[in-house]
Every structure is written in C-alpha cells, then in structure tokens.
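Engineer: Provided herewith is a single structure, encoded as structure tokens, for subsequent inquiry.
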Amino acid sequence: MSKREHLETETDTSGVHLWLVLWKATRSLEAHAHRNIQGFGMGQSDFGVLEALLHRGPLSVKELGAKVLLTSGSMTAAVDRLADRGLVARQDDAHDRRSRIIHLTDAGRELIEKAFAEHCVAMEKAVEGFPAEERSVLLRSLRRLGRTAEDRF
C-alpha cells in the first residue's frame with residue numbers, strides 16, 4: 001500500500017469504511033474464537049448454548065434461542081446434539097405445558113466450565129494489544145454504534 005493510500009484509509013471515516021473495518025475485525029476475532037472452540041469438540045452454536053446455560057441457568061428453548069441468536073430449528077438441532085452427548089437435559093416447564101426447560105447436566109457443567117475458562121484465556125490473547133482503557137472506550141463506542149444503527153430501522 002502506498003503512503004497516499006494508507007493516509008486515505010486512515011482518514012476515511014465514512015459509514016461504509018467503518019462497517020468494512022468493523023466487519024474485518026469481527027471476522028478475525030470470530031476465526032480466533034472458532035479455532036479455540038473447535039478444540040473442545042463442538043461448534044460455536046453448541047458452545048453458545050452451553051455458555052448461556054452456565055451463566056443464565058436453566059432456560060426455555062425460546063429464551064435460549066434469543067440469547068444465542070439461533071432460530072427455532074437450529075435450537076432444536078443444537079439441543080438434540082447436546083442431549084445426545086449427555087450435556088443437557090430437557091424438563092417440562094411447570095408454568096407452560098407447551099414449553100421445555102433446558103438445563104446443564106453435571107457432565108455439561110464440567111465441560112463448559114473448563115472450556116469457558118480456556119476460551120477466556122484464548123480470547124484475552126486475541127486482544128492483548130489493547131490496554132484496559134482502550135478496551136473500555138471501544139466497548140462504549142461499539143454499544144453506542146449498535147444502538148444508533150438499530151434506531152435507524
């Protein structure tokens with residue numbers, strides 16, 4: 001890249017350039033996370049389901065799908081895979097006979113506690129070049145960007 005092209009890139013604050021840079025950064029972080037999660041013998045959706053149950057406790061399939069951004073069909077497939085591995089179990093919802101509550105089994109809790117701790121270390125490595133102050137500014141800015149973008153549609 002020439003010096004001129006580099007300067008143009010550095011000064012381009014357009015919405016489309018911001019989106020492109022954010023998209024590329026997200027893909028890089030996602031690839032790092034994906035490689036780490038694969039090491040636990042699961043995909044990102046299964047990891048997300050287990051992580052949500054670890055930190056939120058038992059949830060209905062609908063609530064769980066909303067937390068991990070999966071459709072109803074994808075949630076059913078993920079819960080089936082995890083149940084077949086003995087990592088989650090379904091229970092009837094005492095308040096709604098149409099709903100099922102998903103919870104971690106002891107084996108599921110053991111796996112996700114270990115996997116999540118290791119994943120935290122791996123993701124910390126991915127962002128170790130950013131001091132806490134810069135992370136704090138970035139987090140506030142990204143949250144604001146998300147809210148602003150949502151308000152436009």
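Engineer: Going residue by residue through the range 51-61, is there one that turns out to be closer than 29 Å to Ala149 by Cβ, modelled with pLDDT under 95 and surrounded by 14 or more Cβ atoms within 10 Å (Cβ to Cβ)?
Structural biologist: Yes, some residue in the range 51-61 is closer than 29 Å to Ala149 by Cβ, modelled with pLDDT under 95 and surrounded by 14 or more Cβ atoms within 10 Å (Cβ to Cβ).
Matching residues to (1) touching a strand residue (DSSP E or B) at 6+ places or on another chain (Cβ under 9 Å); (2) surrounded by 12 or more Cβ atoms within 10 Å (Cβ to Cβ); (3) assigned to a helix (DSSP H, G or I):
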| position | (1), (2), (3) |
| --- | --- |
| Phe116 | no, yes, yes |
| Cys120 | no, no, yes |
| Phe130 | no, yes, no |
| Arg135 | no, no, yes |
| Arg140 | no, no, yes |
| Leu145 | no, yes, yes |
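Engineer: Now a separate question. Which members of the range 24-41 meet the condition of being in contact (Cβ under 8 Å) with a residue 40 or more places away in the chain and either surrounded by 15 or more Cβ atoms within 10 Å (Cβ to Cβ) or within 22 Å of Ala89 (Cβ to Cβ) (or both)?
Structural biologist: His32, Ala33, Asn36, Ile37, Phe40
Engineer: Return the total of residues in the range 62-91 being within 20 Å of Arg109 (Cα to Cα), at pLDDT below 95 and surrounded by fewer than 13 Cβ atoms within 10 Å (Cβ to Cβ).
Structural biologist: 1
The values are calculated or read from the model by the stated rules, or taken from the named source; none is laboratory data. Just so we're clear, the structure is a prediction, and the values are computed from it rather than from any experiment. Don't worry about glycine lacking a Cβ; one is built from the backbone with ideal geometry, like all the others, and counts go over all protein chains shown.
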